[in-house]
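Report on the following structure.
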Amino acid sequence: MSYNTFGHLFRVTTWGESHGPALGATVDGCPPGVALDAGMLQHWLDRRKPGQSRHTTQRREPDAVEILSGVYEGHTTGTPIQLMIRNVDQRSRDYGNIADTFRPGHADITYFQKYGLRDPRGGGRSSARETAARVAAGGVARAVLQSLLPDLRIMGYMVAMGPHRIDRARFDASQIDQNPFWVPDAQAAEDWARVLDRTRKDGNSLGALIEVTASGAPAGLGAPVYAKLDTDLAAAMMSINAVKGVEIGAGMDAASLTGTENADEIDMGADGPVYRTNKAGGILGGISTGQELVVRFAVKPTSSITTPRDSILRDGSPNTVVTKGRHDPCVGIRAVPVAEAMMACVLLDHLLLHRAQTGATGPLGDIGA
């Protein structure tokens, strides 16, 4: 088993490497009759592609997506959708000097320990470039969700870069697309730009904290034990390159709360239950409550830095590594559109599971009826 596929009914298989001729995704389980064309997917890929500011890798990739199958006359057919994105700006020579060296913080050493060989060019399959395929697949999921849940809104943004956090009192969603950090705090965006410029000049990198939310998701998505909505959301986010921790709602902070502080009290509203708070992040017992879904994850600092790091060669002898090439000083910046894509894929998957099990197109219970 190679495990390049995720999802239950809406299944996505990604393929390709950072410096190969192309990469892409095979999307299976997409309902038929959904309006879809390459332009709809390109919108999301343009948000993720590299080289859009001085704060990301300067690799120049158009990330132009091609739909090879599964769409006819602008609508999905219900058969597998094959998506391809050609690589056009590889510089494999940048990695020639580390072909026999294990870079600290990278998957070089574990890939070699598992397979007995590795592709050193940009990390091969472990490269963050693989996430372009996920964003393309997420575009398919968004198109289906738009037809089934038109009120659903998925929004991702950075809430911290290194030790620097946003001021929640200044939270302004309209700012997210107005700065290179996807941050809902205009002042933080200005401050972070100066911090990251200094970090890059110092040959170093920073981590990030990303939050992604979904409003308008119905109650009832998920299952009690092995297909919990939060289980699959956590796994989806954890599968993104460089992610080292995931939390839902209050997350790790819940451990420091009392029961009275943590339990979201419930009132009966005109349209159903209304929760006074959302410590649960919109999920109870693995099933969505109808509240906003809130997922947060930590991205480690980029391991490719120009500051010398001690390591070993393949023969076990010591070596000092300086990683050349074009790298993100904070890879978490471009994780935002990837997180949104993964949220879309998981929500569509669970919506299809819900409909398959219950036959329902909306929430199961009419509480208060």
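With a simple spin-label model that places each label point 7 Å from the Cα along the Cα-to-Cβ direction, the separation between MET268 and ASP151 comes to 2.0 nm. In order along segment 102-107, the Karplus-derived 3J(HN,Hα) couplings, from 6.51 cos²θ - 1.76 cosθ + 1.60 at θ = phi - 60°, round to 8, 7, x, x, 9, 8 Hz, and Gly and Pro are given as x. Note on GLN178 and THR79: the extension gain reaches 31.9 nm, defined as 0.36 nm multiplied by sequence separation minus the Cα-Cα distance. Compared with the alpha-carbon gap, the fully stretched path from ALA35 to ARG170 is longer by 44.8 nm at 0.36 nm per residue. Less than 13 Å Cβ to Cβ from GLY251, Lys/Arg counted +1 and Asp/Glu -1: what total charge do the surrounding residues give? Charge balance in the 13 Å sphere: -2. Once a ≥ b ≥ c are taken as the square roots of the eigenvalues of the Cα gyration tensor of segment 134-176, is the result rounded (a/c under 1.5), prolate (a/b larger than b/c) or oblate (a/b not larger than b/c)? Oblate is the answer for segment 134-176, as a/c is 1.5 or above yet b/c matches or exceeds a/b. Taking K and R as +1 and D and E as -1, what net charge do the other residues with C-beta under 12 Å from the C-beta of ASN241 add up to? Here the charged neighbours net out to +4.
Sparsely packed loop sites in segment 212-281 (the GluC sites (Glu not before Pro) outside DSSP H, G, I, E and B with at most 12 other Cβ atoms within 10 Å) comprise GLU265.
Check cross-link reach from LYS49 to the lysines: straight Cα distance under 29 Å, and skip same-chain residues fewer than eight apart. Filter leaves LYS201, LYS244, LYS300, LYS324. Helix 38-48 against the longest principal axis of the chain: what's the angle in degrees, Cα atoms only, rounded to the nearest 10? The two axes meet at around 60 degrees.
One Cα centroid belongs to segment 239-278, the other to segment 209-225; the line between them spans 11 Å. Rounded to the nearest 10 degrees, the angle from helix 229-238 to the longest Cα principal axis of the chain is 10 degrees. Computed from the C-beta positions of ASP100 and SER2 and an R0 of 35 Å, the FRET efficiency is 0.90 to the nearest 0.05. Expressed as a whole percent, the accessible area of segment 217-337 that falls on carbon and sulfur atoms is 56 (1.4 Å probe).
The three principal axes of the C-alpha atoms in the chain carry coordinate ranges of 70, 50, 38 Å, sorted with the longest axis first. Using a Förster distance of 35 Å, how high is the FRET efficiency between ASN278 and ASP46, based on the Cβ-Cβ distance and rounded to 0.05? Efficiency, rounded to the nearest 0.05: 0.65.
Accessible surface area normalised per residue over the chain is 47 Å², counting heavy atoms of protein chains with a 1.4 Å rolling probe. Largest accessible area first, the listed residues VAL225, VAL331, VAL322 line up as VAL225, VAL322, VAL331 when surface is computed with a 1.4 Å probe on the assembled protein chains. Considering helices alone, the calculated mean residue ellipticity of the chain at 222 nm is -8000 deg cm²/dmol, with DSSP H runs of length four and up weighted by -39500 (n - 2.57) and normalised per residue. Between 0 and 90 degrees, the angle of helix 131-148 with respect to the longest Cα principal axis of the chain falls at about 10 degrees. Taking a ≥ b ≥ c as the square roots of the eigenvalues of the alpha carbon gyration tensor, segment 100-233 is oblate, as a/c is not under 1.5 and a/b does not beat b/c. Principal semi-axes of the equivalent ellipsoid, √(5λ) from the alpha carbon gyration tensor of segment 303-355, are 40, 16, 6 Å from largest down.
The values are calculated or read from the model by the stated rules, or taken from the named source; none is laboratory data. Values in this document were obtained by computation on a predicted structure and should not be read as measured data. Glycine gets a Cβ as well: all are built from the backbone with ideal geometry, and neighbour counts include every protein chain shown. Note: accessible area is taken over every heavy atom of the protein model, side chains too, but ligands, DNA and RNA are not part of it. Shrake-Rupley method; radii C 1.70, N 1.55, O 1.52, S 1.80 Å.
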